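I have placed the structure first, in the form of C-alpha cells, so that the comments after it can refer back to it.
The values are calculated or read from the model by the stated rules, or taken from the named source; none is laboratory data. Predicted model only: the values in this text are computed from it and were never measured. Every residue, glycine as well, gets a Cβ built from its backbone with ideal geometry; the counts of neighbours run over all protein chains shown.
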Amino acid sequence: MRFHVVTLFPEVIDAYTQASILGRAQKNKIISVKSVQLRDFAGNRWGKVDERPFGGGPGMVLRAEPVVKAVGKIRSKIRNKKAKVKVLITAAGGAPFTNAYAQKLVKNYSDVVIVCGRYEGIDERARKILKAENISVGPYVLTGGEVPALAIIDATARHIEGVLGKFESVEENRVSSHEIYTRPETLEHAGKKYRVPKVLLSGHHKKMEEWKKGAK
C-alpha cells in the first residue's frame, strides 16, 4: 500500500514514518509513505496557501486550488492504471477513524492520499472536487492534521501482511487485558511493594487467559 500525505510540514511525517516498524516496512517495500509540500502548489512566489474565510470569523482557511493541484499531481504519478485511490482529509468534524475503517482501507485501496488540515480547515470545494472524505481520529481539536495522518497510517499499516513480525501480529488477540506486567515480580517504591498478580506467575494458561479477559 502507498500512502501520500499533503502537508505544510513534511518533516513531521517523514521523521515518524522512517523510524521503527513503519521505517522497516518501507525498507522492505511493503508500504511506502511520501509527503508532499502543499506550498509547492501555492501558485504564487510567496508560497501562500491560505486566505481569510468568507462570511467572517477567526483564523485562516487553506485554499482549495493548492490542495486540488497537489492531489492531482499525486494521482498523475501513480503509474498503475488499476490503482484504487482513496482521498482523506483530516478534520475534527469528520467520520470517526476506527480499526474497522483501517481494515477497509487495506482491503479496498492501493493508494491512500491524506490531506492534512491546518488553521480553521480547508475550503469545502476541495473536498467536493476530489470526492474526498473527512476523517477524525478523536473528539478533540489539534493544531494540525499531521498527527491524525500519522495515526491513520500507523493503524492502517498494522493490518498489512508483513508489516508486523510474528510476535507482534497476534498482539491484539493475545492481549485481552489492559493490565500488563513484566519483571521484576515485586517492585518496591516509596516504602510499598507492588506485586505481579499471582495468576500470571502460575503457568496455568487457561486461568491466565480468563484473568486477562476479566481485567479489561
For region 137-156, name all the residues that are within 24 Å of Arg75 (Cβ to Cβ), buried (at least 18 other Cβ atoms within 10 Å of the Cβ) and touching a Ser or Thr at 6+ places or on another chain (Cβ under 9 Å).
Gly145, Glu146, Pro148, Ala149, Leu150, Ile152, Ile153
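Kindly indicate which of Lys128, Lys107 is surrounded by fewer than 20 Cβ atoms within 10 Å (Cβ to Cβ), at pLDDT 95 or above, among the basic types (Lys, Arg) and within 23 Å of Lys82 (Cβ to Cβ). Lay out the reasoning, then the answer.
Working: Lys128 fails: within 23 Å of Lys82 (Cβ to Cβ).
Of the residues listed, the single one that is surrounded by fewer than 20 Cβ atoms within 10 Å (Cβ to Cβ), at pLDDT 95 or above, among the basic types (Lys, Arg) and within 23 Å of Lys82 (Cβ to Cβ) is Lys107.
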So which of Gly72, Gly162, Gly93 ends up being outside any loop (DSSP other than H, G, I, E, B) and modelled with pLDDT under 95?
Gly93
Are there any pairs, at least 6 apart or on different chains, whose C-beta atoms fall under 6 Å, with the first in region 76-91 and of a type in the set (Lys, Arg) and the second assigned to a loop (DSSP other than H, G, I, E, B), and if so, which?
Lys84/Tyr109; Lys84/Ser110; Lys86/Tyr109
Kindly provide the set of residues from region 45-69 that are in contact (Cβ under 8 Å) with a residue 60 or more places away in the chain and in a strand (DSSP E or B), ordered by number.
Asp50, Val61, Leu62
Scan region 176-211 residue by residue and report those that are part of a loop (DSSP other than H, G, I, E, B) and surrounded by 10 or more Cβ atoms within 10 Å (Cβ to Cβ).
Ser176, Ser177, Glu179, Tyr181, Pro184, Glu185, Val196, Pro197, Ser202, His204
Identify, please: which residue in region 28-59 is of a type in the set (Gly, Ala, Ser) and touching a strand residue (DSSP E or B) at 6+ places or on another chain (Cβ under 8 Å) and is, among those, farthest from Glu11 (Cα to Cα)?
Ser32
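Can we say Gly59 is modelled with pLDDT under 90, assigned by TED's automatic domain parsing to the domain that holds Arg125 and either within 16 Å of Arg125 (Cα to Cα) or touching a Phe, Trp or Tyr at 6+ places or on another chain (Cβ under 9 Å) (or both)?
Values: modelled with pLDDT under 90: yes; assigned by TED's automatic domain parsing to the domain that holds Arg125: yes; either within 16 Å of Arg125 (Cα to Cα) or touching a Phe, Trp or Tyr at 6+ places or on another chain (Cβ under 9 Å) (or both): yes.
Spelling it out, Gly59 is indeed modelled with pLDDT under 90, assigned by TED's automatic domain parsing to the domain that holds Arg125 and either within 16 Å of Arg125 (Cα to Cα) or touching a Phe, Trp or Tyr at 6+ places or on another chain (Cβ under 9 Å) (or both).
Please verify whether Arg2 is surrounded by fewer than 12 Cβ atoms within 10 Å (Cβ to Cβ) and either charged (D, E, K, R) or touching a Lys or Arg at 6+ places or on another chain (Cβ under 8 Å) (or both), treating the condition exactly as stated.
Details: surrounded by fewer than 12 Cβ atoms within 10 Å (Cβ to Cβ): no; either charged (D, E, K, R) or touching a Lys or Arg at 6+ places or on another chain (Cβ under 8 Å) (or both): yes.
When the stated conditions are applied, Arg2 does not pass them.
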Test: Glu146 is closer than 9 Å to Thr90 by Cβ and in contact (Cβ under 8 Å) with a residue 12 or more places away in the chain
yes
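Could you check, for region 104-111, whether at least one of its residues is in a helix (DSSP H, G or I) and among the basic types (Lys, Arg)?
Pass one, region 104-111, residues in a helix (DSSP H, G or I): 104-108.
When the remaining residues are screened for being among the basic types (Lys, Arg), the result is 104, 107.
Looking through region 104-111, at least one residue is in a helix (DSSP H, G or I) and among the basic types (Lys, Arg).
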Sort out which residues of region 165-198 are at pLDDT 90 or above, hydrophobic (A, V, I, L, M, F, W, C) and within 36 Å of the chain's Cα centre (by Cα), and write them in order of number.
Leu187, Val196
